[in-house]
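Read-outs throughout are calculated quantities, based only on the coordinates presented, and are distinct from any laboratory measurement. The structure presented is a predicted model; accordingly, all values stated were derived computationally and were not measured. Cβ placement follows ideal geometry from the backbone for every residue including glycine, while neighbour counts extend to all protein chains displayed.
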Amino acid sequence: LLIHLDPLALAGKNLSNIIIRGANFTQSILQNTNLSQSIFADCTFSSESGRTHSIQFSNNNEFFATGESSGDIRLWRTLDGQQTSILKGHKDWVRCILFNLNGSILFSSSDDQEIRIWDLKNGRCIEVLAGHQGRVYSLQLTADQSTLVSVSNDRSIKIWSLSSYICIKTLLGH
């Protein structure tokens, strides 16, 4: 209701690390809104998309990405809420999205057991990391951006080198 009455109601607010359920963001302007590490459930954004399962803001909050049940990833401009592109490649729900520090690369994981690495300058997938035997739920980059860590419902954690795109270690039973 608040967003319906005032599209700028969330602009500039710190809403990080919270759970947001059932919000309709189709008319809201999220300029300078901090939603990092928040969890979105049954929320609506302004597109004809599948159900949104993941969301992540770029480090400068200029863009955010949403991962959908269709396997699509949509990129949005935070300032005006306009969709700027769609990344297609995953074959199932996108569970996690992660921007690198400068926002030029996007990492995504999915129920299709894959991790995709996207070049956001041209919208192309530059690498597919395969090796998990189940849904890949979460991703995290090391501080130096040289290593990616993934966790799956196959009860493994995989550590990936981003210079060679190979799994350098698998931790089992997690």
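Structure summary
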| read-out | value |
| --- | --- |
| Full-extension gain in nm, LYS91 to ALA130, via 0.36 nm per residue minus C-alpha separation | 12.7 nm |
| Lysines with Cα under 21 Å of LYS169, excluding same-chain neighbours fewer than 8 positions away | LYS158 |
| Inter-part distance where segment 61-106 and segment 117-174 are each reduced to a Cα centre, Å | 17 |
| Residues ARG51 and GLN140, FRET efficiency given R0 of 22 Å [Cβ-Cβ distance, rounded to 0.05] | 0.40 |
| Local electrostatic count, LEU171, Cβ distance below 14 Å [Lys/Arg +1, Asp/Glu -1] | +2 |
| Cβ-Cβ FRET estimate between ILE18 and LEU101, R0 fixed at 22 Å, reported to 0.05 | 0.40 |
| Neighbour net charge for SER150 - beta-carbon separation under 12 angstrom, K R +1, D E -1 | +3 |
